[in-house]
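Visitor: Here it is, the structure, as structure tokens.
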2 protein chains.
Amino acid sequence: MRVFITGIEGFVGRHLVMELVKAGHEVSGLYFDKMDLDEIEALAERLYRGDLRDSVSLNQILDSARPDAIVHLAAISFVPAASSDPRTAWDINLGGTLNILEWIRVAKPDTHLLFVSTSEVYGRSDGGDLPFTEETPLRPANMYSATKASADMAADQYRSLFSLRIATLRPANHIGPGQSENFVVSSFARQVAEAALGLGDGVIRVGNLSAMRDFLDVRDVVRAYRLVLEQQITGIFNLGSGKAERISDILDSLVEIAGARISVVVDKERLRPVDVPIIFISREKLSAESGWTPEIPLIKTLEDTLKCWKDKLRK
Amino acid sequence: MRVFITGIEGFVGRHLVMELVKAGHEVSGLYFDKMDLDEIEALAERLYRGDLRDSVSLNQILDSARPDAIVHLAAISFVPAASSDPRTAWDINLGGTLNILEWIRVAKPDTHLLFVSTSEVYGRSDGGDLPFTEETPLRPANMYSATKASADMAADQYRSLFSLRIATLRPANHIGPGQSENFVVSSFARQVAEAALGLGDGVIRVGNLSAMRDFLDVRDVVRAYRLVLEQQITGIFNLGSGKAERISDILDSLVEIAGARISVVVDKERLRPVDVPIIFISREKLSAESGWTPEIPLIKTLEDTLKCWKDKLRK
């Protein structure tokens, strides 16, 4: 299968390239940042540099790639970035998605689209409505999730109105080796790795430790994407573990794995202005449709993430 | 008060100019189509021709107008138009709203914004969830309402994140003299007027007559907008009659008022592909906050609409 990936240079994109190429698929994709492309350049058929917001050049790229399927990963996914520059977040997260939907509608309506939404579209929980299912209403609680909820609704309308073959996946937080330290678990892992290597001051700076989130290993996530592509699944699906882990427990596990002496300090700048205390989402619908279940235990994910940071910091 | 109206040349815009000028406010506004501006040109301080999607020229216009308040009416509001050209609908209905929100955030954060959403953001009803309140989740059922629900969510985030002074109004269908015949009641009224004047074939072509909708006279709508502006109200409010009228009853009333001999034919092209059988919305929150209640009885609205068409057709 010829698969085109947007945001191919990102955390998920890199893992997805490996997953798909290993399974014999032909991969190309769009990148925006040109750092560190060697590894995916070696695996992908072709990489295109471009901006999702520029529909003219995006159309040319897709006309040339003629994919069987598109996995649309590219987004401003860091919540504070969307809050501080909302127009850019809307233009990329919604406008970029519309550009892809329009290319499919106009140029190649048989393209299978896997649109990566987020479980954050469901917003806050009163506790009684958990786990969120695909029927839970969208009540985005911050600017980032408003942009994603809008793109999710747009994809839904394109699917029903034009009978497009769209799978909307609403994944939980994903973690694992290679994630930006903008995200909480990777930030912890980097700081724990530094402490373990005797770098820095042995102090971990953290945000809200009481929040509970649904975490998946990125390698489980990309395996789900491959199964959705191979089975040509369409519709809306949560992608989660079905349970919530407390952030403080994750930090404790990382410290335990590292065996280092560490003190923890709350850093107000790391507290999100609008926070959601607990989220976890059901995964029954996707498991029933695709056979996917998460396979990598949390402890293994944390070990690998820590090792990845240690390797990077030693260089 | 200096009020800037987008979509000032539209059905609601024209009535709003009259309402605001009569109450002593200074009105300016943006128009896109330049037909028939004489009446509002005589009342408004200044009219600017422009395209909401062009943020550079919109910013220049708003910098020059420096309004105390903006009423953002401009939208692709005809459902089939949004379905057949979704990109344009998204760019105007969401992108145009973002351009206004960004101008306010960056250039004049004390501007009071009255953003006109729609009760269609609530989507279909299972009957048991009526009337829709402001707490009802947004479940848009067509492309038009998806664009409006997205803009509604964007306005909500700008309000909470940047403490902007935004009133989001979610009005029911509005009807009255001057409405485009793209909308059902005006289409009926035109056809009934033609029959009454002996023009055409005496046949009324209609879509789905069993649908039930919440209708407000446009003059009640613009009075609500004036009250929201004058009282500087912020937050999210339904604007409806609190009850649903059957479309077939409205047609019967129009025929009765006209006293003409008319036959009714169902025209498949007038049936919306995605239809919502019944909608009505609560108006308690806005009534409690502003003192507004609808004052014009339906029969008066229909008489005036019919008279307006007769006057137009006689010319």
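The values are calculated or read from the model by the stated rules, or taken from the named source; none is laboratory data. Because the structure is predicted, anything quoted here is derived from the model rather than measured. In this analysis, Cβ positions are derived from the backbone assuming ideal geometry, glycine residues included, and neighbour counts consider all displayed protein chains.
Visitor: Restricting attention to segment A:154-172, and to residues there that are assigned to a helix (DSSP H, G or I) and of a type outside the set (S, T, Y), which single residue is nearest to the chain's Cα centre (by Cα)?
Guide: Among them, the one singled out is A:A155.
Visitor: Then there is this: If the Cβ limit is 8 Å and pairs must be 6+ apart or interchain, which residue in segment B:50-64 that is within 12 Å of B:L30 (Cα to Cα) pairs with which residue that is basic (K, R)?
Guide: Within 8 Å, the pairs are B:L62/B:K108.
Visitor: Of the conditions (1) surrounded by fewer than 21 Cβ atoms within 10 Å (Cβ to Cβ); (2) under 30 Å from A:S64 (Cβ atoms); (3) more than 10 Å from every other protein chain (Cβ to nearest Cβ), A:G127 clears all except one; give me its number.
Guide: It fails just one condition, (2).
Visitor: From B:A155, B:A146, which residue is in contact with a strand residue (DSSP E or B) (Cβ under 9 Å, 6 or more places away or on another chain), surrounded by 20 or more Cβ atoms within 10 Å (Cβ to Cβ), facing chain A (nearest Cβ under 10 Å) and aliphatic (A, V, I, L, M)? Spell out how you get there, then give the answer.
Guide: Numbers: B:A146 fails: in contact with a strand residue (DSSP E or B) (Cβ under 9 Å, 6 or more places away or on another chain).
Step by step, each of B:A155, B:A146 is checked, and only B:A155 is in contact with a strand residue (DSSP E or B) (Cβ under 9 Å, 6 or more places away or on another chain), surrounded by 20 or more Cβ atoms within 10 Å (Cβ to Cβ), facing chain A (nearest Cβ under 10 Å) and aliphatic (A, V, I, L, M).
Visitor: How many residues does segment A:158-178 hold that are within 11 Å of another protein chain (Cβ to nearest Cβ) and touching a Lys or Arg at 6+ places or on another chain (Cβ under 7 Å)?
Guide: 2
Yes/no matrix, rows are residues, columns are (1) charged (D, E, K, R); (2) touching a residue at least 12 places away in the same chain (Cβ under 8 Å); (3) outside the structural domain of A:S145 (by TED's automatic domain parsing):
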{"residue": "A:R219", "(1), (2), (3)": "yes, yes, no"}
{"residue": "A:Q232", "(1), (2), (3)": "no, yes, no"}
{"residue": "A:F237", "(1), (2), (3)": "no, yes, no"}
{"residue": "A:D252", "(1), (2), (3)": "yes, no, yes"}
{"residue": "A:V265", "(1), (2), (3)": "no, yes, yes"}
{"residue": "A:K268", "(1), (2), (3)": "yes, no, yes"}
{"residue": "A:A288", "(1), (2), (3)": "no, no, no"}
{"residue": "A:T305", "(1), (2), (3)": "no, yes, yes"}
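Visitor: For segment A:118-137, give me each residue that is in a loop (DSSP other than H, G, I, E, B) and without any contact (Cβ under 8 Å) to a residue 60 or more places away in the chain.
Guide: If we filter segment A:118-137 for residues that are in a loop (DSSP other than H, G, I, E, B), which is where we start, we get A:118, A:123-131, A:133-137.
Result: A:T118, A:D126, A:G128, A:D129, A:E135, A:T136, A:P137.
Visitor: Look through B:T111, B:T118, B:T136 and report the one residue that is over 21 Å from B:Q231 (Cβ atoms), away from every other protein chain (no Cβ under 13 Å) and of a type in the set (V, I, T).
Guide: Step by step, each of B:T111, B:T118, B:T136 is checked, and only B:T118 is over 21 Å from B:Q231 (Cβ atoms), away from every other protein chain (no Cβ under 13 Å) and of a type in the set (V, I, T).
Visitor: Tell me yes or no: at least one residue of segment A:66-75 is surrounded by fewer than 20 Cβ atoms within 10 Å (Cβ to Cβ), under 17 Å from A:P140 (Cα atoms) and assigned by TED's automatic domain parsing to the domain that holds A:I104.
Guide: Looking for residues that are surrounded by fewer than 20 Cβ atoms within 10 Å (Cβ to Cβ), under 17 Å from A:P140 (Cα atoms) and assigned by TED's automatic domain parsing to the domain that holds A:I104, one finds none in segment A:66-75, hence no.
Visitor: Which one of these is surrounded by fewer than 19 Cβ atoms within 10 Å (Cβ to Cβ) and within 30 Å of B:P80 (Cα to Cα): A:E134, A:E181?
Guide: A:E134
Visitor: Report whether or not B:V27 is among the hydrophobic types (A, V, I, L, M, F, W, C), more than 18 Å from the chain's Cα centre (by Cα), assigned to a helix (DSSP H, G or I) and within 19 Å of B:Q231 (Cα to Cα).
Guide: The answer is no for B:V27.
Visitor: How about segment A:290-303: which of its residues are surrounded by 14 or more Cβ atoms within 10 Å (Cβ to Cβ) and either without any contact (Cβ under 8 Å) to a residue 60 or more places away in the chain or in a helix (DSSP H, G or I) (or both)? Spell out the reasoning first.
Guide: Filtering segment A:290-303 down to residues surrounded by 14 or more Cβ atoms within 10 Å (Cβ to Cβ) leaves A:290, A:292, A:294, A:296, A:298, A:301-303.
If the condition is that a residue be surrounded by 14 or more Cβ atoms within 10 Å (Cβ to Cβ) and either without any contact (Cβ under 8 Å) to a residue 60 or more places away in the chain or in a helix (DSSP H, G or I) (or both), then A:S290, A:L298, A:T301, A:L302, A:E303 are the ones that fit.
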